[in-house]
Amino acid sequence: MKKLILLTITILFLTSNLSYACIFSKKGDKMLTLQEYSKTIMFPIGNTNDAYKQYFIGQSYIAPISTEQVKIYNVTFEPKCRNNWHIHKAKSGGGQILIAIGGRGYYQEWGKEPIEMKPGDVINIPANVKHWHGAAPDSWFSHLAVEVDGVETSNEWLEPVSNEEYNKLR
């Protein structure tokens, strides 16, 4: 059933009109507003991510897409917003899958180079891997965050991504 839900989301995404999903964050030199950006993605933006704001630099938004069987949330980051380094811990199984659906962002594992994410990109994050993700400096960014079932799962929030590290991104 879980594979069916992920397959359905993928098919909906790939068969939708991607011309809107591929618009990043600007009209000419003007940054899109949140309302304008929300029209470029097929999932709702949701509400401000107040429950986790202490773990983010900048404003993020969250919308539950599925809370049964497989937990899936649309997380939207304003330009320059990123979450702290963190680890999705699990005794077995666990981890997270990110599916980029709008804008442009980054994912980085500890000790590795950042990976640019654009709509359609998928990142599989194994359990117990230190990482962060968020928007590019000049773009809104949205991804579906899929929680992978596991045994004894938890999140450990760590230090913020430094401005020095982040400002190296383009």
For region 28-102 the mean separation of alpha carbon contacts under 8 Å (6+ apart) over residue count, i.e. relative contact order in percent, is 25
Relative to a virtual label point 7 Å from the Cα of Glu152 in the Cα→beta-carbon direction, which members of region 109-132 show backbone nitrogen distances below 17 Å? 127-129
Two-site FRET efficiency, Asp50 against Glu159, from Cβ-Cβ distance with R₀ of 22 Å, rounded to 0.05: 0.55
Taking only C-alpha pairs under 8 Å that are 6+ residues apart, what is the relative contact order of region 86-170 in percent? 43
To the nearest 0.05, how large is the calculated FRET efficiency for Ser66 and Lys168 if R₀ is 35 Å and r is the Cβ-Cβ distance? 0.50
Loop-resident sites, region 78-157, for chymotrypsin sites (Phe, Trp or Tyr not before Pro), counting at most 11 other Cβ within 10 Å (DSSP): Trp110
Go through region 131-136 residue by residue and turn each phi into a ³J(HN,Hα) via Karplus (6.51, -1.76, 1.60, θ = phi - 60°); whole Hz please, and just put x for glycine and proline. 7, 9, 8, x, 7, 5
Using a Cα-Cα cut-off of under 29 Å, which lysines could be cross-linked to Lys30, ignoring same-chain neighbours fewer than 8 residues away? Lys39, Lys53, Lys80, Lys118, Lys168
Mind putting a number on the dipole of region 47-131 about its Cα centre? Charges go on the C-beta only, +1 for Lys and Arg and -1 for Asp and Glu, and I need it in Debye to the nearest 20. 200
Among region 142-170, those whose backbone N falls under 16 Å of a label point 7 Å along Cα→Cβ from Trp110 are 154-162
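Readers should treat all values here as calculations from the given coordinates under stated rules, not as data from a laboratory. The shown structure was predicted, so the numbers you read here are calculated from the model rather than taken from an experiment. Please note: Cβ atoms are built from the backbone with ideal geometry, for glycine as well, and neighbour counts cover all protein chains shown.
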